[in-house]
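First the structure, in the form of structure tokens, and then the observations on it.
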Amino acid sequence: MDTFDGYRRPDGRIGIRNIVAVVPLSVAVSAVATRIAREGPERAHATPHQLSADAPDATLEQTRRVLEGVATNPNVAGAVLVELGTERVDGEGIADAVAAAGRPVEILSVRECGGTAAAVETGVELVDDLAAETADARRESADVSELVLGVECGGSDATSGLAANPSVGNACDRLVDAGGTATFSETPEFIGAEHILAERCADSEVREKLLAYVDRREATAELMGADLRGAQPSPGNQEGGLTTIEEKSLGAISKGGTTPVQDIVPYGSDLPVGGGLVLMDTPGYDIESVTGKVAGGAQLVIFTTGRGSTTGNPIAPVIKVCGNPQTWDRMASNMDVNASTIVTGDDLEDVGERIYETVLETASGRPTAAEVRGLREFAINELQPNELGYFDGEGDGETVGSEEVSRS
Amino acid sequence: MTESETGAEAETAASADTDTETEATGTRRPSVELDESDTVVTVLEDAEAGDVVTDSELEVTEAVPFGHKVALTAHDPGDEVRKYGEVIGVATEPIEPGEWVHTHNCDSARGKAEGRR
């Protein structure tokens, strides 16, 4: 039985980091949150984002879901929610959810404090107090089946589908076999490969949901009078040898492994513990996609790259797996696992095992390259007006667009 | 996938000194054909015109960068281009075996404003 050492939370979940999260409720206080975290203890990490204090209901609901998910991620020991005081998003409700998850939480209002200087001063005191309150947390042994692993790719090139993604997929298969949860997303990158995923769905309900999500993403591009070309594959992807979205997708889906698709959930929604392979509907923008999975409860992210992505996350450690030998040579200091040896004949199983071992070590506390360098990128997907007709804002994703499923 | 890069490069340099033609350098470049039904292979080193892709003994007729694709078969416009045993797009120009296959002669069939498949 594979185990790792993590922090047991009062709600029963297991964290692999002991972070004090500083979570702004709107863009108006993102800079304040960042400042508080910077002046606070090392364990204080901010999640600055760009979303406004007011927005259409569906957009607000998605923002609320993500903020709540981030603040209750098992890696969070305690949270300070920062507001200006005009936000429509339900800060009290988020605070209640954090408290219900057994984590200490405070709300800091910049207006009530009398301005940003006073808010930063008070915020740093709150963060210091939360850090002191949660400092005695000790790691204890946990079964690997309690891990929820998010898988992402960015800066893809032709090696992604040949080396990094299939070897990470091998590691996902190992985790799922051990009873854990693996999740990948980026719905636009299912296009052209959805028939393969559909065949692997656990039942017809999941299959219809998956195809509806893919149709919706494809139709959204159509709705905008644009198409995916130019953005998918990106100019960088194209330079790296990827010609079409179908080619990119076929390489991308291999990062989730080969086990059955048990479910697909909306952006930022809860991911089950012990759930096998579960997909999440997210945009293709990697930072927003990682945030969605962390909001869903992923304690850990594996991020594959060919051309060389360096990004991390403030809440979950991000393991970088590189499949391009030239990129590995140039950027090894930003990478954690070299999968490019597959290009020169290394065995997929061996590299997959190396990645799985890295997952366990990282879960037990070994810092990733992105953590060592303090790279903590964060962005929340904002539903655009032309998407609102396709998203009902309830986040159930069950019914909306199901009529779109009729495909030729 | 056995040729060492330095050896291959030395060979290219040598042939560049003696040949003014771009044909038949004979340098073998590692490549990977992922499925029997594929109509393209991916080269695992930068290839020049006249190089040979090892898996299929096919002569490359133009420069193809690392990670890019070489046509294994002739494609007419509208023909499916296959990799991973799946359709990755359609040919938009006639493509001869040995030619570079990329955005200039192959296009997605999906995610387009002008109509989906």
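Descriptive notes on the structure:
- Over the protein assembly as shown, DSSP H runs of length four or greater, each weighted -39,500 (n - 2.57), average out per residue to a 222 nm ellipticity of -9000 deg cm²/dmol.
- With one equal scatterer per alpha carbon and no solvent term, the Debye-computed log10 I(q)/I(0) for the range A:142-372 at 0.07 1/Å reads -0.19.
- Computed E for A:Glu361/A:Glu42 - FRET, C-beta separation, R0 25 angstrom, nearest 0.05: 0.75
- Residues listed by number, the range A:128-145, amide nitrogen under 12 Å from A:Thr3 label point at 7 Å toward C-beta: A:140-144
- Here the scattering of the range A:19-136 is modelled by Debye summation over its C-alpha atoms, one equal scatterer each and no solvent; at q = 0.13, 0.19, 0.21, 0.23 Å⁻¹ the log10 of I(q)/I(0) is -0.42, -0.91, -1.11, -1.33.
- Angstrom value of the Kirkwood radius, inverse mean 1/r, which spans all Cα pairs in the protein assembly as shown: 24.0
- Ranked for footprinting exposure by Cβ neighbours inside 10 Å, fewest first, A:Lys248, A:Lys255 give A:Lys255, A:Lys248.
- Within straight-line cross-link reach of B:Lys69, lysines at Cα separation under 21 Å, skipping those fewer than 8 residues along the same chain: A:Lys248, B:Lys83
- Computed extension length for B:Thr73-B:Glu57: 4.5 nm, one decimal, from 0.36 nm per residue of separation with the Cα-Cα distance subtracted.
- For A:Leu108, the residues whose amide H sits under 5 Å from its own are A:Leu81, A:Val82, A:Glu83, ignoring neighbours fewer than 5 places away on the same chain, with H placed 1.01 Å from N.
- Within the straight-line cut-off of under 17 Å between alpha carbons, the lysines reachable from A:Lys293 are A:Lys255, A:Lys320, sequence neighbours fewer than 8 places apart in one chain being disregarded.
Every number here is computed from the coordinates shown, using simple stated rules; none is lab data. Please read all numbers here as calculations on a predicted model, not as lab measurements. Quick reminder, even Gly has a Cβ in these numbers, built from the backbone with ideal geometry, and neighbours come from all protein chains shown.
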